[in-house]
Amino acid sequence: MSVPLLKIGVVLSTMAMITNWMSQTLPSLVGLNTTKLTAAQGGYPDRSIGVLPANPEESWQVYSSAQDSEGRCVCTVVAPQQTMCSRDARTKQLRQLLEKVQNMTQSIQVLDQRTQRDLQYVVKMEDQLRGLETKFRQVEENHKQNIAKQYKAIKAKMAELRPLIPVLEEYKADARLVQQFKEEVQNLTSSLGLLQQEMGAYDYDDLHSRVVSLEERLRACMQKLACGKLTGISDAITIKTSGSRFGSWMTDPLAPEGDTRVWYMDGYHNNRFVREYKSMADFMTSDNFTSHRLPHPWSGTGQVVYNGSIYFNKFQSNMIIKFDFKTSTISKSQRLDNAGFSNTYHYAWGGHSDIDLMVDEGGLWAIYATNQNAGNIVISKLHPLTLHIIQTWTTNHPRRSAGESFMICGTLYVTNGYSGGTKVYYAYQTNSSTYEYIDIVLQNKYSHISMLDYNPRDRALYAWNNGHQVLYNVTLFHVIRSEQL
């Protein structure tokens, strides 16, 4: 118990002792108890004699008498009424004591009430103080935990940033290289201007070779700038709401400049009609389209339009077909040996998505799985004209555990699911035959992604999300290595 409660307990105990003493002592002092007179009467048997007072108002009177077992006489008397003793000094003392007792009793009652009220207040305050102490202890513990979490987060962030230091050093060197290119272009421009004014001042062949060399170096530099490591994906941009829950849509990354046609394929099986919209604006604002009928129904949503032709997986087979839109004919078909089909090794969402065709800066790719690789993802680079496999990589990632996947700069990126919270969490680099686990959030705005492909010309991801056609902008981390230029 706390110190305030101990003090109040002592006060209450003392008050109780005083009250008990007064109740027992005061009546005996002033003769308020029944008066008993005892006399020795030997030899008489026990008996009781009742004598009524003749006039109880005048004097002390014997009320009764009796003999105890030892032969002593026990008498009971009655004191006279106060009216007869009003002039007695003892009566005044008694009256004064009674008044004092009454005053003390009232004071004690008041003190008791105050004490009880203060006791309740102290108990309440004690509970509040204990609650505050508990809250302060919780705040202190939470503060320590938050500091620990913040420390861990900062430490993890530093671990992520530390590998970027040598990359930044390379960027400094690359910046100097670009500055050299800029100076050389300026020098060549000045030389060409002087050449026009003073023909023969410079050797034309030498000047031409310098221009060609610089052009090649700049082209190689730009090609390297086009590729990079995926570091971020923007929020979803809804282009249109149409079609069923599953489907695919795309533009041609190798289309001529000004050709912005959109290709649209609703459903994932037993359909063979492809819609052609003249432009992205027409696709967004109207339903004016041209319909192309394919010779076979497609399977899944892994189709891709590339350099004027559509590449798709024939339904219920591992056959890849290249269909030319200009001639409306099949220009090439080829089986993808050992590739699973008909929902054998599909994406997590199903939909006969066993074979996924895609393109990036490096060309045409096929993503699938085989029994020989235990149902794990297989990556094959295809020749766009003959459909022959140029090179194959086997991964350790189960095909059925992947939500969707796409290629950027020779790296396959895999999502962890197709519904709810989605992120890109696995990356396989074909240039080094290595993989890593990453964590890049992919906003799943409409809760069911059944198609996700990268377009290298637009630097964007095309997705079919539960009957919505959406786009994602991507952020690539570029590294220019000067020694390779």
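Per-residue HN-Hα couplings for region 246-260, Karplus 6.51 cos²θ - 1.76 cosθ + 1.60 at θ = phi - 60°, whole Hz, x for Gly and Pro?
10, x, 8, 8, 6, 10, 7, x, 9, 5, x, 4, x, 8, 10
For the peptides 394-406, 231-243, what is the packing order when you average, over each peptide's residues, the other Cβ atoms within 10 Å and list the highest mean first?
On the way: 394-406: 20.7, 231-243: 14.8.
In decreasing order of mean packing, 394-406, 231-243 become 394-406, 231-243.
HN-Hα J couplings of region 274-290 from phi, Karplus 6.51/-1.76/1.60, θ = phi - 60°, integer Hz, Gly and Pro as x?
10, 8, 10, 9, 5, 7, 5, 5, 5, 5, 6, 10, 8, 10, 7, 8, 10
For region 229-477, with every protein chain kept in place, what is the accessible area per residue (1.4 Å probe, Å²)?
Values: 10020 Å² over 249 residues.
Per-residue accessible area for region 229-477 comes out at 40 Å².
How far, in nm, would the chain grow between residue 342 and residue 447 when pulled straight, counting 0.36 nm per residue and subtracting the alpha carbon separation? Display every interim value, and only then the final one.
Details: separation 105, 0.36 × 105 = 37.80 nm, distance 2.45 nm.
Full extension from residue 342 to residue 447 adds 35.4 nm.
Could you tell me which of the pairs 278/326; 314/423; 240/445; 278/445 are separated by over 19 angstrom between their Cα atoms in the structure shown? Mind dumping the intermediate values first?
Working: 278/326 15 Å; 314/423 30 Å; 240/445 13 Å; 278/445 27 Å.
Violating the 19 Å Cα-Cα cut-off are 314/423; 278/445.
Could you rank the peptides 413-425, 317-329, 354-366 by their average count of other C-beta atoms within 10 Å per residue, with the highest value first?
Taking the mean over residues of other Cβ atoms within 10 Å, the ranking is 354-366, 413-425, 317-329.
Hey, any idea what % of region 229-477's accessible area is carbon plus sulfur with a 1.4 Å probe?
Roughly 47 percent, rounded to a whole number.
What residues have an amide H closer than 5 Å to that of residue 382, excluding those fewer than 5 places away on the same chain, when H is modeled at 1.01 Å from N in the peptide plane?
Those lying under 5 Å, H to H, from residue 382 are 364, 365, 366, 390.
How much FRET efficiency would the formula 1/(1 + (r/R0)^6) give for residue 477 and residue 126, where r is the Cβ-Cβ distance and R0 is 60 Å, rounded to 0.05?
Efficiency, from the Cβ-Cβ distance: 0.45.
5 Å is the cut-off here: which amide hydrogens, built 1.01 Å from N in the peptide plane, fall below it relative to residue 333, excluding neighbours closer than 5 in sequence?
Placed amide hydrogens put 322 under 5 Å from residue 333.
Under the definition of Cα pairs under 8 Å and six or more residues apart, what whole-number percent is the relative contact order of region 213-367?
Relative contact order comes out at 16 percent.
Once you have the Cα-Cα distance between residue 316 and residue 149, take 0.36 nm times their residue separation minus that, and quote the gain in nm to one decimal.
Taking 0.36 nm per residue and subtracting the Cα distance, the gain is 54.9 nm.
Spelling out what I want: for every residue of region 443-455, take phi, set θ = phi - 60°, compute 6.51 cos²θ - 1.76 cosθ + 1.60 (Karplus), and round to whole Hz; glycine and proline get x.
So the J values, rounded to whole Hz, are 5, 9, 5, 10, 6, 7, 9, 10, 7, 8, 9, 9, 10.
The values are calculated or read from the model by the stated rules, or taken from the named source; none is laboratory data. Here the structure is a predicted model, which means the values were calculated and not measured. Cβ: placed from backbone, ideal geometry, glycine included. Neighbour counts: every protein chain shown. With ligands, DNA and RNA removed, areas are computed over all heavy atoms of the protein, side chains included. Shrake-Rupley method; radii C 1.70, N 1.55, O 1.52, S 1.80 Å.
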